[in-house]
Structures are given as structure tokens and as C-alpha cells.
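Input: a single structure, listed below in C-alpha cells.
Each reported figure results from applying straightforward, stated rules to the coordinates on display, with no laboratory input. Predicted model, so just to flag it, every value in this text is computed and none were measured. Glycine gets a Cβ as well: all are built from the backbone with ideal geometry, and neighbour counts include every protein chain shown.
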Amino acid sequence: MDYHTKKLLGLTDENIIFPTNWLSEKKEGGITSYVIHGRLDYTPTCCTKCGVKNEGQVIKYGTHQTTIQLLPIHSRKTILKLKKTRFLCKECGATFSAETSVVDRNCSISVDLKRKIMAELATNSSRKDIAFRYFVSDVTILRIMKAAVKNVKVRFDYLPSVHCFDEFKAMKSCVGKMSFIFMDGQTNQILGLLESRKLAYLRTYFSRYTRQARENVQYIVMDMNAPYFELAKSIFPHAQIVTDRFHIIQHIHRALNHLRIQIMNIYRKNDRLKYKRFKRYWKLFLKDSYLLDSSRYRYDYSFKRPMTEKAIVDELLSYDSTLKLAYDTCQLLLYHYKQKETNDFFEVVNTLDTQLPEWFRKKLTFLNKYRKGIKNAFQTPYSNGALEGTNNKIKVIKRVAYGYRNFLHFRDRIYLIQGLVFQDQSKTKKNQSKRISASIDSR
């Protein structure tokens, strides 16, 4: 075998000797495999057991046949039948085999194949799919995954200045219904995945961090979840709460949408045409009024005439004065939100028209409970946008794998796919945080 062939096969160890007819084929279990034959032989410098220098004390003591699985060639399983030389130490009487860089000691999977499987685990493919493509078992894939993430350790002496908190659905076997995820709000890197979002569980976990690390946290971005507020007050003394902007908008939209559904159901039996119009154009109610198209006419079969988006909304609002009042109120809130006018925003919340339904007014005045968080949301650039995107990715990972039964396996796979394994994540986050804060200060 020439050097270039060895290079292509990843068998560049000079101590491996190949015969003239080094390649054969073997059919086993309905699978045809390539079989490469070779012999590993060299003179050891010392005994690997007692460490004595080899000055004639270590002699050859027969051979040992091993089977090493290599990377597939042309989507076909490839095996290296390697005859390893055995050695005997006259000093200690121990025997040992010759070793090669192709494979780790006491292992039958080549180093290159392990690395390729690790790279595949960092993509969104199921373990069984990877096992099928590389002719190994699912247990082998799991073992390689555990070996890859075993060095990922949490440093309890450092926390970034901006945190994002959220929850996600992991699996039924978890301690709680929802699991907890938190992320660096500046670098958008996952800091940890916890099995439960319960307050006692979170307090126990974050208490493991040093006080200096917890005091370093300046902002915590979260949705309107009461337990997280209690956690922030008790564990992070210097942290300010930032209510996620998406959830502020979602809260306003849900209140308006709920009122639209109530009014729509009034026409369910009395006027089916209006009912269908309310049901069909629900998205236009949630769209900012200044984004409604008022110039492009399209024929609408429901109205039997050409209509613009703005004309449709105006027509639907003319059916009910309460809905129009609620719509105008919500649009005013959204305007102040866009302009980041905190005082004007809460002035609208606290001076709602009494003609609006009581439950609708309660939903909007509920925002007063999170006044500080909403104010900080207007004044800071932080949000849970990246974290919500990560949660969507986690759902895709779970769906591709047809679910997980073990939370630790699920967590490890997320770490691999998010690129948190093959780097010193604590140093990376710290350096990135410094660069980002420096760039913000320079502005």
C-alpha cells in the first residue's frame, strides 16, 4: 500500500505493515464489508507495565488478532484486521500488546470514526440514524456522546452580568412538568439546563454559586412568571428584572383576541356572515394599525367587493363599539411600547374606559404588577428572543429523536448541538462579555 492510499484510509502509522493483497470483502449478516489486513510491529523503548528501559529485557511474545472498525468507504462498512505483536518483559513477567494511533487502547472503534460520530452528534440527527449510517450500535453512539460531554463542568465561581430565564417541556419522567433553561443575555450561549423549574429546586442549584458570582448578575430577563421573581430577589441581590418584550405584546394581543372571540361567538347563530368575517381576519386585529395596507385592493368573496386590509378592519370594528374601543386602546399601548414611553404606557393602562369589560380591564391593569420589569425592558436592549429561538430548536431536537426518556441524555445532546462541548465555555463567555460591554461603552 502506497503512502497516498494510507493517507486516504487514515492509516498513516509507520509501524503498520500491509501485505500485497491487503484488501478483501466479507459478507456477514446480509452486509458486505471491506476488510483491510495489516500487521503492527515495532521494538518498544520500555515496558508499559513496570517502566524498565528496553535493553534486551522486552522480547516479542507472539501476536494477537484484533478487529478495528474504520470509517465507511462508499457507504460500506470497513474493518481493519490488525495483527498486533505481543511483548514479554523479563523483569516483571508482564505481557502487553503493541499500540497504534489508529485506535485507543482496549477499543475496537477507530479514533477517526469516533471523531466523525462526535461531529454527527453535533448535528440534528437521531442517534439511531447515526448508528445506521456508521454501522455501530445505538449504545456505542451513547457511549461516545457521554465521553464527549464528561469534561463539561459548571464553574460555580462565575456568572455573566445578563441572564435570560425560561422553561421548556422536556419529558414526562422529569421532576416537574417543565424544565428550566438559562442563557447568557449578551453572548446567547446556554449556561445550563435544569430538570425542574420549581422554586425550591432552582434556589438549591443557584445557591451553589459563590456570592461574588451571584452579585455579578445585573439583569435577569424573564417572562411574567412569579417564582422567577422570588428567585431573583433571594439569590441575585444586585439583579434588576427585565420583563421580556415579547410577553408584554403577547399579553396585550391575547386580551384583544379573547374579546374578539367573545364578540364573534355572539354572531355565531344570528349572523353567520359576520361570524365568518371575524374568524377569517383574526390576524389583522393583531397587526399594528400603521402596517395595515390601505392602497392595494383585492377582491374579497366575503365582502363581495375589492377591499384593502385597513378597510376590512374598519368594517369589522364598525360591528361592535366595545371591540373598536378595545382595539384603539391596544393600538395606543403598542404605540407607546414602540416609542418606549413608559409613563404614557402606564397612563393608558391606569385610565381605561369603563365601557370596556371588567375582565379586559383586569388583564391590562395586571401589567402594573410588572411595572419595574416593563420599564427596564423599555430602557435596556435585552430580551429573551435568542432563548425562545433555542427553545424552538430544542423542540426540533426532541421531535427528530421521537422523544427522550432520560433527561441527562437529552441535555447532553443539546449541549453538543449548541456547540458547548468542544470549548472552554466559561472563558469564552467571559471574554465575549468583555468585548460586547466594551463596544457598548464606546458607542
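Note on the range 302-355: semi-axes of the ellipsoid equivalent to its C-alpha gyration tensor, largest first and rounded to whole Å, are 28, 15, 4. Using θ = phi - 60° in the Karplus curve 6.51 cos²θ - 1.76 cosθ + 1.60, the 3J(HN,Hα) couplings for the range 333-344 round to 4, 5, 5, 5, 5, 5, 7, 6, 9, 5, 4, 5 Hz; x is entered for Gly and Pro. Diffusion of the range 3-108 by Stokes-Einstein, at 4 °C in a medium of 1.567 mPa s and with Rh set to the Kirkwood radius over alpha-carbon pairs, works out to 86 µm²/s. Place +1 on the Cβ of every Lys and Arg and -1 on the Cβ of every Asp and Glu in the chain, take the dipole about the Cα centre, and give the residue among Tyr402, Gln331, Thr365 whose Cα lies farthest towards its positive end. So the residue furthest toward the plus end is Tyr402. Summarising the amide proton neighbourhood of Ile17: residues at separation of 5 or more, or on other chains, whose placed amide H is nearer than 5 Å comprise Arg39, Leu40, Asp41. What you get for the range 3-108, charging only the Cβ of Lys and Arg (+1) and of Asp and Glu (-1), is a dipole of about 220 debye around the Cα centre. With K and R counted +1 and D and E -1, the other residues having a Cβ less than 12 Å from that of Glu14 yield a net charge of -1. Peptides 215-226, 342-353, ordered by how many other C-beta atoms sit within 10 Å of their residues on average, highest first, read 215-226, 342-353.
Taking the DSSP bridge list for the chain and keeping only pairs wholly inside it, about 70 percent are antiparallel. Helical runs (DSSP H, four residues minimum) scored at -39500 (n - 2.57) apiece and divided by the length of the chain put the mean residue ellipticity at 222 nm at -13500 deg cm²/dmol. Starting from the Kirkwood radius over alpha-carbon pairs of the range 7-48, derive D by Stokes-Einstein at 20 °C in a medium of 1.002 mPa s and give it in µm² s⁻¹. Estimated diffusion coefficient is 169 µm²/s. Gyration tensor over the Cα atoms of the range 155-213: the corresponding equivalent ellipsoid has semi-axes (square roots of 5 times the eigenvalues, largest first) of 21, 14, 8 Å. As a size descriptor, the averaged projected area of the C-alpha convex hull of the chain was calculated at 34.4 nm². Overall, the ratio between the Cα radius of gyration of the range 246-379 and 2.2 N^0.38 Å, rounded to two decimals, is 1.12. Expressed as a fraction of 2.2 N^0.38 Å, the C-alpha radius of gyration for the range 185-335 is 1.53. For the residue pairs Lys27/Lys146; Lys169/Lys198; Lys169/Lys362, the C-alpha atoms sit more than 20 angstrom apart in Lys27/Lys146; Lys169/Lys362.
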